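Below is one structure, written out as structure tokens, with a few remarks after it.
The values are calculated or read from the model by the stated rules, or taken from the named source; none is laboratory data. Predicted model only: the values in this text are computed from it and were never measured. Here the Cβ is made from the backbone with ideal geometry for all residues, glycine too, and neighbour counts use every protein chain on show. Heads up: the accessible areas ignore ligands, DNA and RNA and are worked out on the full protein's heavy atoms, side chains in. Shrake-Rupley method; radii C 1.70, N 1.55, O 1.52, S 1.80 Å.
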Amino acid sequence: MRIIGIETSCDETGVAVFEEGRGIIVERLFSQAPVHAAYGGVVPELASRDHVRKLVPLVREALADASVDVDALDGVAYTAGPGLAGALVVGACFARAVAWGAQIPALGIHHMEGHLLAPMLLEDSPEMPFLALLVSGGHTLLVDVEGLGRYKILGESLDDAAGEAFDKVAKMLGLGYPGGPAIEKLALSGDSKRFHFPRPMTDRPGLDMSFSGLKTYVMNIIRDMPNDTNAKADVARAFSDAICDTFVIKCSRALQNTGRKRLVVAGGVSANTDLRARLRTLEQRYDVTVYFPPIRYATDNGAMIAYAGYRRLRVGEHDISEFKVRPRWPITELRAPVKVG
Ligand code: KG4
Ligand code: ZN
């Protein structure tokens, strides 16, 4: 079975083909970051237009590179939500048209399920059930994963997502977009003893999170701080430490509450080296295994959509003729795929 995956929910155009028995056989990714950098964040209309420009050439290139003809595909998976409406529509229209032309099934995939399953593209892939920390630009979720499509939210950010907080603090520091990688780099030369930022919502029980107050706290520090050469790096360091500590505390609690033995961490922020190192310390402490996607599959990509599509299309799940994207789509609305035949 060979599935093409198409990702256009935000500012990356991603295409990949997953083949049963071989894994990802080809992938292409085009990042629109330079297009949006001048505006300090993603401009939805520019994102849609760029997906229109890039999607067809990327698919052509990928299929030619893998020597796979459209007729050799068994299904088309595309991101149907959550994400930017216009950007989602570009991928959905194209995917549905390809599927219709080739007379193969299409399936709209939940973007966060794509992230959740990305670590399964590793050779040593995590088995379900597991606990998952999903940290992207739009979502911060602690999910108990009993099986494919069987998700229970244990905690989530009540305001800004962690990635969003990285992007906003980066903007305050005059760093480029996207902010996460820029903060990670600057934090390397920062002194972790100079500032101490709050670890939001860790002083009370529960697994919900909040990053908007932390962002405001950082804003006030930046406004009042002396303009010495290392000040920005020290802020980046303290901010990164606060986020990492918060996740360590919340994941520890969730592991203890659920007794799960595996923790999967995915989504754009899971590319962060400090966060990876800090969360790995939970392995010894709680006798668990922590899994991360390969770095290139942490941020948005087509491979995770192809794989999620494979997991559902292979048991016969597919779209009906009604055409719909879901810019807002709670992950808890997903269901386990029903085996057909
Ligand atoms: O999953 P993703 O690519 O897109 C969404 O689904 O939102 O996540 C993007 C987010 C951005 O906020 C970006 O700043 C953050 O992930 N990010 C990082 C790193 N790389 C990307 N945050 C911290 N450290 C990184 N290395
Ligand atoms: Zn994403």
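Note on the chain: with a GNM built from Cα contacts shorter than 10 Å, the maximum mean-square fluctuation among 277, 92, 242 falls on 277. Projecting label points 7 angstrom from Cα along Cα→Cβ for residue 45 and residue 188 puts them 3.9 nm apart. Simple rule: put +1 on each Lys or Arg Cβ and -1 on each Asp or Glu Cβ in the stretch 128-292, find the dipole, and look at 259, 207, 140; the Cα lying farthest toward the positive end is 259.
Within the shell defined by Cβ-Cβ distances under 14 Å, the residues around residue 146 carry a net charge of +3, with Lys and Arg each +1 and Asp and Glu each -1. Of all the options 189, 240, 31, the one that moves most in a Gaussian network model of the chain with Cα springs shorter than 10 angstrom is 189. Taking every DSSP bridge with both residues inside the chain, close to 60 percent are antiparallel. Legend: residue pairs 171/232; 152/261; 152/215, Cα-Cα distance threshold 22 Å; pairs beyond threshold, 152/215.
To put it simply, the accessible area of the chain at a 1.4 Å probe is 51 percent carbon and sulfur. Packing here is the average count of other Cβ atoms within 10 Å per residue, and on that basis the peptides 35-41, 134-140, 104-110, 323-329, highest first, run 134-140, 104-110, 323-329, 35-41. A simple count of charges around residue 110, restricted to other residues whose Cβ falls under 14 Å of its Cβ and scoring Lys, Arg +1 and Asp, Glu -1, yields +1.
Loop-located GluC sites (Glu not before Pro) across the stretch 1-93 with a Cβ neighbour count of 14 or fewer within 10 Å are 20, with loop assigned by DSSP.
Both radii are taken from the alpha-carbon atoms of the stretch 128-292; with Rh as the Kirkwood radius, Rg/Rh is 0.98.
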